[in-house]
Amino acid sequence: MASSVDGRQFVGDQAATIPGDAQWPVWEVFTQGAQGAPHEHAGSLHAVNAEQALQNARDVYARRGGVVSLWVIPTGAITASSPSDSGPLFDPGSDKPYRHPQFYNVPRGVRGV
Amino acid sequence: MSGPAAPPSVAPVPAVPTNALVEYLLRLGDDRLVLGHRVSEWCGHGPILEEDIALSNVSLDLLGQATMLLRLAGDAEGRGRNEDALAYFREVVEFRNCQLVELPKGDFAFTIARQFLFDVYAVVMLDALTGSIHGELAAIAAKSLKEAKYHVRHSGEWMLRLGDGTDESHRRVQKAIDDLWRFTGELFAPDDVDRAMQAAGIGPDLAALRPTWESLVRDVVSRATLTIPNDLPRVASTRGGRTGSHTEYLGHMLAEMQIIARSHPGATW
Amino acid sequence: MTQTRTVPADDPTKSAAFEARIAAGESIEPKDWMPEKYRRQLVRMMSQHAHSEIVGMLPEANWITRAPSLRRKISLIAKVQDEAGHGLYIYCGTETLGVDRSELIQQLLDGTAKYSSIFNYPTLSWADMGVIGWFVDGAAIVNQTVLAKASYGPYARAMIRVCKEENFHKRQGYEIVATLANGTPAQRAMVQDAVNRWWWPSLMMFGPSDTDSPNTAELIRWKVKRKTNDELRQRFVNLTVPQATAVNLTLPDPDMTYNAESENWEFGAIDWEEFHQVIRGNGPCNRERLDARRLAHDEGAWVRAAAAAYAARQRTASEAA
């Protein structure tokens with residue numbers, strides 16, 4: 001079964017049920033360390049909307065510099081694979097040597113192939 | 001803080017008296033020192049962790065700016081006072097910050113409203129100062145402007161959230177604006193120092209910045225469903241912080257801030 | 001707020017597979033099956049750790065407004081701010097176990113959750129800022145370096161970030177200590193006094209002795225903890241003694257002797273009665289610390305509610321548009 005990334009999928013709903021002191025929804029933060037590098041998961045935080053999530057991500061995860069771009073995503077919006085699926089999902093990928101260049105022979109002395 | 005000692009910054013136009021330049025730099029530096037201190041009072045006591053961290057960042061930016069500006073003021077003065085001597089060994093009446101920044105931090109609405117009014121002022125002022133013929137000041141302004149632009153985004157968003165949040169937040173932030181508005185007149189009331197700096201190409205025409213400031217402020221205030229009071233600016237009837245006339249609050253703040261440094265004269269920390 | 005959770009009876013096959021994964025040094029991730037006890041131990045340990053970071057802001061924030069130079073003021077704010085960040089990272093890590101931060105914070109404010117006893121001692125002089133950085137952060141680094149290898153992935157990852165950031169904390173503390181130790185007679189006296197007051201509480205930070213630590217064996221087996229309290233305490237003492245000597249400060253322990261055979265600095269008896277009293281809430285500042293947290297939380301309630309209400313209104317408006 002596809003589900004959210006972990007045990008936090010109900011956080012957003014609970015916000016509406018705690019009178020007077022709503023817990024702000026959780027967001028996942030991804031930071032890019034240099035132009036051209038991939039965005040990597042840095043951690044999470046609480047914020048009421050995307051703008052605040054971005055600002056909080058800047059203050060919480062980019063305050064030491066070394067970040068050129070930020071992504072923020074509501075935790076509940078992430079669909080994660082389930083550990084019980086890991087066999088069917090991932091094992092078949094690891095025995096397909098023909099996807100890798102080392103599988104193929106090239107005559108000795110030929111360059112640039 | 002000992003960086004490489006900057007060469008004494010001589011006023012680039014001989015007609016400018018050194019003390020006017022020093023005064024001018026103290027005004028810029030003291031605003032940031034005093035407000036940075038006030039904001040740091042939130043550290044550990046913010047309304048939510050994320051905001052605690054955000055406010056500390058604002059405070060750190062302001063104190064970093066203050067350090068650079070006070071160092072420059074000390075150099076311009078040429079009497080061997082560094083940024084710490086200026087911060088820790090001046091009396092209340094020697095401080096040159098505007099009164100707006102020295103008021104106690106109040107509740108979160110007061111802190112945000114004051115920060116917003118100052119942040120917009122800082123952005124228009126620093127933007128103008130990037131064109132200063134005083135190279136070091138222009139460089140500090142350019143660096144600080146980036147920080148100030150973020151500050152105004154942070155405080156501006158909070159103005160919207162509080163103004164258009166709950167009845168309670170609306171009431172609190174409206175009261176803050178009402179209480180603070182009379183302290184804003186001082187920000188744009190030029191005196192001889194400002195005019196000398198303008199004439200020398202070091203500082204902007206202060207009065208001319210006000211319309212830009214006010215339209216930016218009014219835009220956010222109205223989007224936040226708040227109103228600006230019809231108060232007369234307080235500075236019309238009193239001298240202001242720029243010439244050392246402060247509220248009673250500053251003395252208490254400095255008593256706390258300066259206590260250790262003054263208890264151990266000559267010590268290094 | 002209470003939430004009834006169905007406690008899954010630990011399936012023996014799953015338990016065995018879990019134990020095997022742990023034994024093989026694998027990392028456990030949030031969606032992986034885990035014994036309920038493992039989950040609970042993690043929630044307990046991680047939330048205590050997060051609470052300690054948050055309460056730990058208070059004794060140092062107490063001196064921000066009095067820091068004696070701009071450089072010191074800025075460093076101290078940055079350090080206390082990092083503690084907020086570290087609390088945040090660890091709370092977020094704990095939330096991956098299906099418990100809300102607001103619930104954890106409520107436990108802290110209720111007085112039902114524990115936090116490190118060290119933060120219930122008062123900060124009485126500027127020198128405390130140096131000695132806390134040196135001892136308390138030094139002890140925390142010894143602890144956290146090991147926790148960065150904890151079996152639970154989110155905890156280990158939070159710890160790696162924390163350790164990276166904390167590198168400057170101990171150094172800024174020791175720099176203050178060294179400056180004071182080489183300063184005026186008054187400054188020297190100030191820093192020796194701070195060392196005297198913080199040494200024993202710092203040793204207590206590692207928790208009860210192994211003979212008296214009910215959770216240790218299980219936590220070690222599950223590789224949540226990798227070293228016992230006593231092992232970590234000894235490592236800290238061995239690191240700290242030469243650092244004290246280097247700046248001519250005396251650690252307040254007449255029994256401290258070097259054992260050439262074990263290469264350990266053997267220290268005198270810890271007053272465990274004091275430790276238990278502080279844990280039970282009878283330390284010098286327990287009430288003040290919790291009151292300060294409650295005040296900030298209560299005064300922040302309308303702010304949090306305002307932001308949530310604003311965002312809800314925005315969403316409604318954009319859905320209507």
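The values are calculated or read from the model by the stated rules, or taken from the named source; none is laboratory data. Just so you know, these numbers come straight off a predicted model, no measurement behind them. Glycine also receives a Cβ, built like all others from the backbone with ideal geometry; neighbour counts cover every protein chain displayed. With ligands, DNA and RNA removed, areas are computed over all heavy atoms of the protein, side chains included. Shrake-Rupley method; radii C 1.70, N 1.55, O 1.52, S 1.80 Å.
Every residue, every condition in (1) under 30 Å from C:TRP33 (Cβ atoms); (2) modelled with pLDDT of 90 or more, yes or no:
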| position | (1), (2) |
| --- | --- |
| A:ASP6 | yes, no |
| A:ALA34 | no, yes |
| A:ALA37 | no, yes |
| A:PRO74 | yes, yes |
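From the list B:ALA113, B:ALA109, B:ALA87, the lone residue that is within 14 Å of chain C (Cβ to nearest Cβ), over 17 Å from the mean Cα position of the chain (by Cα), modelled with pLDDT of 95 or more and crowded, with 21+ Cβ neighbours inside 10 Å is B:ALA109. The helices (runs of 4 or more DSSP H) located wholly in region C:204-321 that include 1 or more residues which are within 14 Å of another protein chain (Cβ to nearest Cβ) and open to solvent by 80 Å² or more (accessible area, probe 1.4 Å) occupy C:286-320. All conditions in (1) more than 23 Å from B:ASP61 (Cα to Cα); (2) open to solvent by less than 30 Å² (accessible area, probe 1.4 Å); (3) without any contact (Cβ under 8 Å) to a residue 60 or more places away in the chain; (4) in a helix (DSSP H, G or I) hold for C:ILE141, with the sole exception of (2). The set of residues from region A:65-113 being more than 13 Å from chain C (Cβ to nearest Cβ), open to solvent by 60 Å² or more (accessible area, probe 1.4 Å) and of a type in the set (S, T, N, Q) comprises A:SER94, A:GLN102, A:ASN105. Look at region A:88-113: where a residue is part of a loop (DSSP other than H, G, I, E, B) and a partner is open to solvent by 100 Å² or more (accessible area, probe 1.4 Å), sitting 6+ places away or on another chain with Cβ atoms under 6 Å, you get A:VAL106/A:VAL113. Candidates C:PRO68, C:PRO122: the one that is surrounded by fewer than 23 Cβ atoms within 10 Å (Cβ to Cβ), at pLDDT 95 or above and more than 11 Å from chain A (Cβ to nearest Cβ) is C:PRO122.
For region C:7-31, the tally of residues that are touching a Ser or Thr at 6+ places or on another chain (Cβ under 8 Å) and within 13 Å of chain A (Cβ to nearest Cβ) stands at 5. Condition check for B:GLU50 on (1) assigned to a helix (DSSP H, G or I); (2) at the interface with chain C (Cβ under 10 Å from one of its Cβ atoms); (3) in contact with an Asp or Glu (Cβ under 6 Å, 6 or more places away or on another chain): one failure, at (3). So which residues in region B:53-84 are within 10 Å of chain C (Cβ to nearest Cβ) and polar (S, T, N, Q)? If the condition is that a residue be within 10 Å of chain C (Cβ to nearest Cβ) and polar (S, T, N, Q), then B:SER56, B:ASN57, B:SER59, B:THR67, B:ASN82 are the ones that fit.
Looking across region A:46-77, just one residue is free of Cβ contacts under 8 Å to residues at least 24 places away in the same chain and touching a Phe, Trp or Tyr at 6+ places or on another chain (Cβ under 7 Å), and that is A:HIS46.
Close Cβ contacts (under 9 Å, 6 or more residues apart or on different chains) running from residues in region C:277-298 that are closer than 22 Å to C:MET205 by Cα to residues that are of a type in the set (Asp, Glu) and assigned to a helix (DSSP H, G or I) comprise C:GLY283/C:GLU274.
In region C:145-173, the qualifying residues are those that are of a type in the set (S, T, N, Q) and over 27 Å from C:GLN192 (Cα atoms), and the one that is least open to solvent (accessible area, probe 1.4 Å) is C:SER151. Among the listed residues C:THR250, C:THR240, C:THR245, identify the single one that is farther than 20 Å from C:GLN107 by Cα, under 23 Å from the mean Cα position of the chain (by Cα) and polar (S, T, N, Q). Matching residue, one of C:THR250, C:THR240, C:THR245: C:THR240.
Condition (residue is at pLDDT 90 or above, assigned to a strand (DSSP E or B) and more than 14 Å from the chain's Cα centre (by Cα)) applied to region A:46-65: is it met by at least one residue? Within region A:46-65, one or more residues are at pLDDT 90 or above, assigned to a strand (DSSP E or B) and more than 14 Å from the chain's Cα centre (by Cα).
Among the residues of region B:163-180, is any within 30 Å of B:ALA20 (Cα to Cα) and more than 14 Å from chain C (Cβ to nearest Cβ)? The answer is yes; a qualifying residue exists. Exactly one residue among B:SER222, B:SER155 is modelled with pLDDT of 95 or more and within 14 Å of chain C (Cβ to nearest Cβ), and that residue is B:SER155. For region B:185-195, the set of residues classified as open to solvent by less than 30 Å² (accessible area, probe 1.4 Å) and hydrophobic (A, V, I, L, M, F, W, C) consists of B:LEU187, B:PHE188, B:VAL193, listed by residue number. You will find that of B:GLY80, B:GLY135, B:GLY131, the residue that is in contact with a Ser or Thr (Cβ under 9 Å, 6 or more places away or on another chain) and surrounded by fewer than 23 Cβ atoms within 10 Å (Cβ to Cβ) is B:GLY135 and no other. Can you find, within region C:125-138, the residue that is surrounded by the fewest Cβ atoms within 10 Å (Cβ to Cβ) among those that are of a type outside the set (A, V, I, L, M, F, W, C) and either more than 22 Å from C:SER75 (Cα to Cα) or touching a Gly at 6+ places or on another chain (Cβ under 8 Å) (or both)? Going through the qualifying residues, I end up with C:GLY138.
Let's see how each residue does on (1) closer than 17 Å to C:ALA158 by Cβ; (2) at the interface with chain A (Cβ under 8 Å from one of its Cβ atoms):
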residue: C:LYS79; (1), (2): no, no
residue: C:ASP82; (1), (2): yes, no
residue: C:HIS86; (1), (2): yes, no
residue: C:GLU95; (1), (2): yes, yes
residue: C:GLY98; (1), (2): yes, yes
residue: C:GLN107; (1), (2): no, no
residue: C:ASP110; (1), (2): no, no
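Screening C:MET34, C:MET57, C:MET45 for residues that are within 14 Å of chain A (Cβ to nearest Cβ) and open to solvent by less than 60 Å² (accessible area, probe 1.4 Å) leaves exactly one candidate, C:MET34.
Of the helices (runs of 4 or more DSSP H) that lie entirely inside region C:9-108, those containing 2 or more residues that are among the hydroxyl-bearing types (Ser, Thr, Tyr) and within 19 Å of the chain's Cα centre (by Cα) span C:36-55, C:70-95.
Residues in region B:61-105 that are among the small types (Gly, Ala, Ser) and assigned to a loop (DSSP other than H, G, I, E, B) were compared, and the one that is farthest from B:VAL123 (Cα to Cα) is B:GLY80. Take B:ASP119 and tell me if it is of a type in the set (Asp, Glu), assigned to a helix (DSSP H, G or I) and open to solvent by less than 10 Å² (accessible area, probe 1.4 Å). Here the answer is yes, as B:ASP119 does meet what is asked. The residue pairs whose first member lies in region B:176-203 and is among the polar types (S, T, N, Q), whose second member is at pLDDT below 95, and whose beta carbons are closer than 7 Å, counting only pairs six or more residues apart or on different chains, are B:THR184/B:PRO233. Just wondering, is there one or more residues in region C:168-185 that are under 28 Å from C:GLY25 (Cβ atoms) and not basic (Lys, Arg)? Among the residues of region C:168-185, not one is under 28 Å from C:GLY25 (Cβ atoms) and not basic (Lys, Arg), which makes the answer no. The number of residues in region B:27-47 that are within 20 Å of B:LEU137 (Cα to Cα) and facing chain C (nearest Cβ under 10 Å) comes to 2.
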